[in-house]
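Asker: Let me give you the structure first, and then I'll get to my questions.
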Amino acid sequence: MATTEAQLVAKVKEIESKIQDIKDSTQLSLDEKKDRVKKLRFEIKKLNKARAGLAATEITAQAQKVADAAVAAANNVLQNVLQGIKDSAEDAIAAAELVLREITDEPAVVAAPIDPAPPAVVNPVSDDPVIMRRTQHHRVVYGHLVRDVQLALLAKGFDSKGADMFFGTDTEAALRAWRTATGRDGALAILTRNDWDELTGLPQPELFDLCAQATAAFEGHGFTQAAGDFDGAIATWGYHGYTLKYGHLQAVLERTEAASPGTLADVFGAQRAASIKDMLGKSRDDQIAWARANLLDSNKRMTVEWSRQFDDLGSRRACQMAQLAHSRAAFWETMAVPQAERLGLQEPLSFGMLFDAAIQQGGASETTLKAVEAARAAKPDMDEGALREVLAGKLTEQIKSDRFREDVKSRRFTFADGRGRVHGANYDLGYWGFFAAVDENETDIPHLADPPTKPAVALVAPDDFRGFFDQRIAPIAPNFSIEEFLSKGGAHGGTGPCGGLNTDPPRDKWENAIELARVLQAIRISFGTPVVITNMYRAPAYNTCIGGVSASQHMEFRAADIKISNGQKASQWHGRVVSMRNGGLFLGGIGRYQSFVHVDTRGSNASW
């Protein structure tokens, strides 16, 4: 019987545990320790090569499925040409070419068909589970499944305005149009499993995919985002925040190169690629030393050039598949699923909680698992929802650092009943496919307009803003520094009448910046390039001196003036930020100026 990926990962962990035992031993000499550790690390290297081989086979198979689906879609368009329906032959052939290019490239916008012939009505059935649905007053559905839907809609002629992985208003409109054109109820902005088959032609999403999307939204990196050593992980990157300190970032690099040889050289250049490959063969301590010497600047932030290159790597399809394959093997199959089976858990939210815990905190500890088992033994008739509450509490207790405990708590309890608040955003996982059936009336679901039942409890504010930033801002906006959040504007540093008038934000305004930080990080992820903050807080005297409006959100620490470092003028990218807001990212104001864009989180939409 062939060795599985999960077995290889488990063996690596077993050997790493032996290495630690050897290091901690007081019975062995230093030379004996070095000799034994060297031999065990050689075994790990052989196991990792075997894992890379399995990854190459798996990713290649997934890529073939995507390619086959794209070609099939192209053939459908060409068949429409032969049948002579509405569009001209030239337009249909162009659409087919766009589909063929989608195998590797982002598609151009395709106009929706005009007056399609009425199809047979497809009646929804109550047992047809919903994969995703539009949201009300909650974070929009985000992730790789959304991107697959967006690409499929574009290929079939329904304009989702791109494939940004956000199920916003543009994607909703395109999906409604497709549902209407195929005889479904166009008033329902939902995608069921039956819909998925007809729209995408791709394999059915698994529970892993639903869990992967929710955790990816919490992590906030997308496939491309890279961050430096803000939390002791040395470097963090990718869909589920793969850390260098614990070897996950390295594993994704190995998988990517195994599946698509030459990708590292193509992205990083021959010299850097060679340095990366050499690093991958070294011990973990040496890998960390390499990262500190090469990836990070003096402030422990990833350098701009390395960050740009990791963005490029994460945008490659082979790398995205490698990221998903690693998350499935290292966190889903090895941790979440076995732990759920041990505890007798069966509901999607339970698997989601354990997967999110595996990503963020290394999974449930043995102490936690035994505590949950004891709770069930003490009350055998306890339902699974109540047991999740116990599990969420015990997982939170595993966190000893005050800095991260509240973030862990909010994520775990969001999976307890599917609703909660994470990083300033309300989540209802019913929209994300974890529960709720197709026959629910979207306008008559009581919880839609209700606030989360378990709002996050605020941490005790530290004595200075730096402590607050490290505790509350850095975890949700890893690509921004405290200096950027304290930027005071050009006039403050000048010699004119406004020079020196601005101040740091007062303590009673600090909390206001949390939601703004989430929005700025989302913009950074969407653009894949640094966001430059020119001004955030304004003291009243400074605001008056520079001619700011009397009720400026800058004085509330809810506003930022930003630039995007992609060489474009504000007029060229301002519309994209507006689309993100209108798609449900936040409620606030957006103002376009000649050299920058103002963004605020006032709680109601305004534009100028």
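Asker: Is it true that residue 520 is part of a helix (DSSP H, G or I), modelled with pLDDT of 85 or more and in contact with a Phe, Trp or Tyr (Cβ under 7 Å, 6 or more places away or on another chain)?
Answerer: It is true that residue 520 is part of a helix (DSSP H, G or I), modelled with pLDDT of 85 or more and in contact with a Phe, Trp or Tyr (Cβ under 7 Å, 6 or more places away or on another chain).
Asker: Quick one: would you say residue 249 is free of Cβ contacts under 8 Å to residues at least 60 places away in the same chain, closer than 27 Å to residue 20 by Cβ and crowded, with 23+ Cβ neighbours inside 10 Å?
Answerer: Here the answer is yes, as residue 249 does meet what is asked.
Asker: So if I check each of 230, 208, which one is under 27 Å from residue 529 (Cα atoms) and either touching a strand residue (DSSP E or B) at 6+ places or on another chain (Cβ under 7 Å) or touching a residue at least 24 places away in the same chain (Cβ under 8 Å) (or both)?
Answerer: 230
Asker: Residue check, residue 351 against (1) farther than 30 Å from residue 483 by Cβ; (2) crowded, with 22+ Cβ neighbours inside 10 Å; (3) in contact with an Asp or Glu (Cβ under 8 Å, 6 or more places away or on another chain), all met but one. Which one?
Answerer: (3)
Asker: Go through region 297-329 and give me each residue that's in contact (Cβ under 8 Å) with a residue 60 or more places away in the chain and of a type in the set (Ser, Thr, Tyr).
Answerer: 307, 315, 327
Asker: Turning to a different aspect of this structure: Let me confirm something: among 273, 265, 259, 289, which residue is more than 23 Å from residue 223 (Cβ to Cβ), out of contact with any strand residue (DSSP E or B) (no Cβ under 9 Å at 6 or more places or on another chain) and not assigned by TED's automatic domain parsing to the domain that holds residue 481?
Answerer: After ruling out the rest, the residue left standing is 289.
Asker: Quick one: residue 321 ticks every box in (1) farther than 18 Å from residue 211 by Cβ; (2) in a helix (DSSP H, G or I); (3) not aromatic (Phe, Trp, Tyr) except a single one, so which number is it?
Answerer: The single condition residue 321 does not satisfy is (1).
Asker: From (1) crowded, with 21+ Cβ neighbours inside 10 Å; (2) closer than 21 Å to residue 585 by Cβ, pick out the condition that doesn't hold for residue 184.
Answerer: (2)
Asker: Sticking with this structure for a sec: Which of the residues belonging to region 308-355 are of a type in the set (Ser, Thr, Tyr) and out of contact with any helix residue (DSSP H, G or I) (no Cβ under 7 Å at 6 or more places or on another chain)?
Answerer: The one that is of a type in the set (Ser, Thr, Tyr) and out of contact with any helix residue (DSSP H, G or I) (no Cβ under 7 Å at 6 or more places or on another chain): 315.
Asker: Still on this structure, I have one more. Counting only residues that are β-branched (Val, Ile, Thr) and surrounded by 17 or more Cβ atoms within 10 Å (Cβ to Cβ), which one in region 547-592 is farthest from residue 603 (Cα to Cα)? Steps first, please.
Answerer: First pass over region 547-592, keeping only residues β-branched (Val, Ile, Thr): 549, 562, 564, 577-578, 590.
Filter once more, so that each one left must be surrounded by 17 or more Cβ atoms within 10 Å (Cβ to Cβ): 562, 564, 577, 590.
Working: 562: 19, 564: 24, 577: 16, 590: 12 Å.
Filtering first and then ranking leaves 564.
Asker: May I pose another question? State yes or no: is residue 594 out of contact with any Cys (no Cβ under 6 Å at 6 or more places or on another chain), of a type outside the set (D, E, K, R) and free of Cβ contacts under 8 Å to residues at least 12 places away in the same chain?
Answerer: Judged against the criteria, residue 594 is not a match.
Asker: Scanning region 168-198 for residues that are part of a helix (DSSP H, G or I) and among the basic types (Lys, Arg), which turns out farthest from residue 578 (Cα to Cα)? I'd like the intermediate steps shown before the answer.
Answerer: Narrowing region 168-198 to residues part of a helix (DSSP H, G or I): 169-181, 193-198.
Retained after the next criterion (residues that are among the basic types (Lys, Arg)): 176, 179, 193.
Details: 176: 21, 179: 26, 193: 31 Å.
Top of the filtered list is 193.
Asker: Next up: Could you run through region 11-39 and say how many residues are more than 41 Å from the chain's Cα centre (by Cα) and among the acidic types (Asp, Glu)?
Answerer: 3
Asker: Kindly establish whether residue 522 is in contact (Cβ under 8 Å) with a residue 24 or more places away in the chain, in contact with a Leu (Cβ under 6 Å, 6 or more places away or on another chain), buried (at least 18 other Cβ atoms within 10 Å of the Cβ) and not acidic (Asp, Glu).
Answerer: The answer is yes for residue 522.
Asker: Filter region 521-559 down to the residues that are charged (D, E, K, R) and touching a helix residue (DSSP H, G or I) at 6+ places or on another chain (Cβ under 9 Å) and list them by number.
Answerer: Matches in region 521-559: 538, 556, 558.
Asker: Continuing with this model, one more query. Tell me which residues, restricted to region 462-495, are crowded, with 18+ Cβ neighbours inside 10 Å and without any contact (Cβ under 8 Å) to a residue 24 or more places away in the chain.
Answerer: 469
Asker: Name the pairs whose Cβ atoms lie under 8 Å apart, with the first residue in region 499-515 and over 14 Å from residue 473 (Cα atoms), the second hydroxyl-bearing (Ser, Thr, Tyr) and in a helix (DSSP H, G or I), and 6 or more positions between them or separate chains?
Answerer: 501/542; 502/542; 503/542
Asker: Now for a different question. Could you please find all residues in region 488-517 being at pLDDT 85 or above and among the hydroxyl-bearing types (Ser, Thr, Tyr)?
Answerer: Matches in region 488-517: 503 only.
Asker: Can you work out which of the residues in region 375-427 that are surrounded by fewer than 19 Cβ atoms within 10 Å (Cβ to Cβ) and small (Gly, Ala, Ser) is modelled with the lowest pLDDT?
Answerer: 401
Asker: Which members of region 193-207 meet the condition of being surrounded by 19 or more Cβ atoms within 10 Å (Cβ to Cβ) and at pLDDT 90 or above?
Answerer: Hits for region 193-207 are 195, 196, 199, 205.
Asker: Working only within region 211-225, note down all residues that are surrounded by 24 or more Cβ atoms within 10 Å (Cβ to Cβ) and either aliphatic (A, V, I, L, M) or without any contact (Cβ under 8 Å) to a residue 24 or more places away in the chain (or both).
Answerer: Correct list: 212, 214, 216.
The values are calculated or read from the model by the stated rules, or taken from the named source; none is laboratory data. None of these values were measured; they are calculated from a predicted model. Because the Cβ atoms are built from the backbone with ideal geometry, glycine has one as well, and the counts that use them run over all protein chains shown.
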